[in-house]
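Note sheet for the following structure.
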Amino acid sequence: MKLRILLPFLLLSFLSSFAQTENGMQGSEICAHGKLMRPLGELKSQRSPGSPVHSFDVLNYNLDFDIYHCYTSPFPKSFTATNIITFKAVDALSFIKLNAVQSSLQISSVGHAATSFTHAADTLTLFLDREYLPGEIAEVRIDYTHLNVNDGAFFTGDGFVFTDSEPQGARKWFPCWDEPYDKSTLTLRAKVPSNVKLGSNGRLADSLTVADTTWFTWVSRDPVATYIMVMASRVNYNLDIVYWTKPGPPYDTIPFRFYYNPGENPAPIKNQITLLADYFYSLFGDHPFEKDGFATLSPQFTWGGMENQTLTTLCKGCWISSLIAHEFTHQWFGDMITCATWADVWLNEGFATFYEAMWNGRLNGEQAYINQIRNNAAYYLATNPGWAISNPDWAVNNPGTDVLFNYSITYMKASTILHMYRYVVGDSLFFHSIYQYANDTVNFRYKTATIPDFINKMNETTGMDVSWFFNQWLYQPNHPVYNNIYSFHKSGNNQWDVHFRANQVQTNAPFFKMPLEIKVSFGSAGDTLIRVMNDENNQTFVFQFDREPKGLTFDPNQNILLKQASTIVGSGLIPAAVNPQFNLEPNPTSGMVSAGFALSKSSDISLALFDLSGRKLYDSGTHKYMAGSHIIRFDAGKYPSGSYLVTLREGSQVLTRKLVITGK
């Protein structure tokens, strides 16, 4: 495939060092380049709690196109169409404003509740027959012509007619309120030659052929955002249908429609689609739509894939497993749950790129997933342009496509955020929380979402406050740079203290709070993995062992993917106030525990109990203690049997001891 790459040669050389997919590229990369090459233009239902509210809510678009003559030479881009819009007033209003690009659309007349119009500055204003009060429903009709222009949204040529609308292209082929938060149902009817097959959103309600003409009628009864509404059609399209039976009740079937060009072979993907659908069913629950499908297009669709709801469009010949998995993920995250604004696009592309890697692991083993997600992080670290994944200002003042669909940020860095979230909360809570997000019918399913909406859902489903995690990684630019120091000290009674200071030295971003894993090696005696919460900079941790440590490794499993780090042997790390002889009695225990410690000076002290995933179970609170010996008691008997960590904190210094809890 000849590629129109926007990246410099050295970056391509960097990419080639990574293990890639069938054609040498990841599905996310193919997706990204296609979106980078789309013109952005000016960007400005079904909504989650934090989604924007507009003066009216579009309930349905009823589109009727006559594109019969677009399939033959010279393949004109002009057509006539009618758009009937049903909307509900949110505010009292006597007119509505729609997006309609003047260089593409020429309005002929309006009707129904619309009595007149103006069309200026790419805005179509429809004046209504009266004032409509909040909650009232009205219907307007717009008759218009699409001009014979190349607008990057409506394409014809070599027997093809197709649309491509992300992020703002829908307003170039039909008047609409072209914002992702305003989802609606859709009926799309198209008049084409009888040798044409045409796919669109939803289910095929009717195809009527009379002589040399066919009328296709597609109906999407599930709400769809304008940027993922689509037509994909071709003279002599090949069409195969694979029926997938859901693994769970009610065990009904969903058709997967494969539109492809002569000479292409989608058989490997057709054979794989049921396995992919089964896998995502296990992760996210029921497939959200009554149909799904894929359509390869002409070379005018120069790169990648587009996750149009229930009909993903692909570049010519792009039957690539990773790309299919990436776009298929979007049916849940992007289509069923749609980013409310372009500031929330992480909820689309971060998820699709992460689950593309998960699919690689499902096919090729867990190490394949780990390798891919680490490669994603390495790509970001090598090419980081230096801005945050999301800027709230983008909800109103959207950046160009080079920022919005930047591969390093919107795909690579974005995917690793989910991996690190998985590390922070653990596998069980991670998969549970994403499943609950996908199946929240009150706030999200078939609706839109903002990043703050998503964070609130994660707090709810994990029972933890993870706002700090998402806020720092999504809204702060760059990443931590660790310059850590450690030392070993023999403290008497054959005890050894390990001192570790976590130090971040980046100047282009604030401090990043994260749980840290530290592996202490004891030679032939094995290794011990310790997990602590690093919640302030220059924090010192002290761990006590009854054998001599031989080495220390920071983040041995590379779970903090987005970082640069060095860890060296140092000195001067002995805590100033807390005597390292901090002990727990009894240990093991099935009930009350006494935590004894000695202070060389008056200090603020807090004691906490953590499970091995880093989840805090008990916190004594911070209290002032005078110099001398002290005991803090707490009840460990309420927690399940197993190993835990108890931390004693004084300022930026944390002493850690292992506690074993046994059943009563």
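Per-structure values
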| read-out | value |
| --- | --- |
| Within the range 105-203, strands (runs of 3 or more DSSP E) holding 1 or more residues that are under 18 Å from E307 (Cα atoms) | 154-157, 160-163, 184-193, 196-200 |
| Residue count, the range 544-567 (criterion: surrounded by 15 or more Cβ atoms within 10 Å (Cβ to Cβ) and of a type in the set (D, E, K, R)) | 2 |
| Index of the failed condition, N534 passing every other in (1) among the polar types (S, T, N, Q); (2) in the same structural domain as V425 (by TED's automatic domain parsing); (3) buried (at least 16 other Cβ atoms within 10 Å of the Cβ) | (2) |
| Any hit, the range 395-403, residues being outside the structural domain of D178 (by TED's automatic domain parsing), crowded, with 18+ Cβ neighbours inside 10 Å, polar (S, T, N, Q) and in a loop (DSSP other than H, G, I, E, B) | yes |
| K664 outside any strand (DSSP E or B), out of contact with any Cys (no Cβ under 8 Å at 6 or more places or on another chain), surrounded by fewer than 16 Cβ atoms within 10 Å (Cβ to Cβ) and modelled with pLDDT under 95 | yes |
| Boolean, G492 is of a type in the set (G, A, S) and over 16 Å from V542 (Cβ atoms) | no |
| Count - residues of the range 443-486 that are modelled with pLDDT of 95 or more, of a type in the set (A, V, I, L, M) and part of a loop (DSSP other than H, G, I, E, B) | 1 |
| Boolean, A576 is surrounded by 13 or more Cβ atoms within 10 Å (Cβ to Cβ), modelled with pLDDT under 95, of a type outside the set (V, I, T) and on the phi < 0 side of the Ramachandran plot | no |
| Test result for S415, hydroxyl-bearing (S, T, Y), touching a Pro at 6+ places or on another chain (Cβ under 8 Å) and assigned to a helix (DSSP H, G or I) | no |
| Contacts under 9 angstrom Cβ, first residue in the range 520-535 being modelled with pLDDT under 90, partner of a type outside the set (F, W, Y), 6 or more apart | A525/R547; A525/E548; A525/K550 |
| Odd one out for D497 among (1) in a strand (DSSP E or B); (2) acidic (D, E); (3) touching a helix residue (DSSP H, G or I) at 6+ places or on another chain (Cβ under 9 Å) | (3) |
| Criterion violated by V593 - all others in (1) at pLDDT below 90; (2) in a strand (DSSP E or B) satisfied | (1) |
| Within the range 222-237, tally of residues that are closer than 26 Å to D66 by Cβ, in a strand (DSSP E or B) and out of contact with any Lys or Arg (no Cβ under 8 Å at 6 or more places or on another chain) | 3 |
| So H489, is it assigned to a strand (DSSP E or B) and buried (at least 21 other Cβ atoms within 10 Å of the Cβ) | no |
| Failed item, numbered, when P167 is tested on (1) under 22 Å from N150 (Cα atoms); (2) surrounded by 24 or more Cβ atoms within 10 Å (Cβ to Cβ) | (2) |
| Candidate set: the range 584-602, residues that are of a type in the set (A, V, I, L, M, F, W, C) and within 11 Å of L659 (Cβ to Cβ); chosen: the one surrounded by the fewest Cβ atoms within 10 Å (Cβ to Cβ) | L584 |
| T329 more than 16 Å from S233 (Cα to Cα), modelled with pLDDT of 95 or more and among the β-branched types (V, I, T) | yes |
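To keep it simple, each residue is scored yes or no on (1) assigned by TED's automatic domain parsing to the domain that holds V542; (2) crowded, with 17+ Cβ neighbours inside 10 Å; (3) outside any strand (DSSP E or B); (4) touching a Ser or Thr at 6+ places or on another chain (Cβ under 9 Å).
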| residue | (1), (2), (3), (4) |
| --- | --- |
| D604 | no, no, no, yes |
| L607 | no, yes, no, yes |
| G614 | no, yes, yes, no |
| Y618 | no, no, no, no |
| G621 | no, no, yes, yes |
| K624 | no, no, no, yes |
| R633 | no, no, no, yes |
| T647 | no, yes, no, yes |
| L655 | no, yes, no, yes |
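Residue-by-condition table, conditions (1) more than 30 Å from G263 (Cβ to Cβ); (2) in contact with a helix residue (DSSP H, G or I) (Cβ under 7 Å, 6 or more places away or on another chain):
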| position | (1), (2) |
| --- | --- |
| S321 | no, yes |
| A325 | no, yes |
| Q331 | no, no |
| D335 | no, yes |
| T341 | yes, yes |
| V345 | yes, yes |
| A352 | no, yes |
| A357 | yes, yes |
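Matching residues to (1) in contact with a Phe, Trp or Tyr (Cβ under 6 Å, 6 or more places away or on another chain); (2) at pLDDT below 95; (3) within 20 Å of Y227 (Cβ to Cβ):
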| residue | (1), (2), (3) |
| --- | --- |
| L7 | no, yes, no |
| L15 | no, yes, no |
| F18 | no, yes, no |
| I30 | no, yes, yes |
| T72 | no, no, no |
| I84 | no, no, no |
| D91 | no, no, no |
| L105 | yes, no, yes |
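The values are calculated or read from the model by the stated rules, or taken from the named source; none is laboratory data. All figures in this text were calculated on a predicted structure; none of them were measured in a lab. Here the Cβ is made from the backbone with ideal geometry for all residues, glycine too, and neighbour counts use every protein chain on show.
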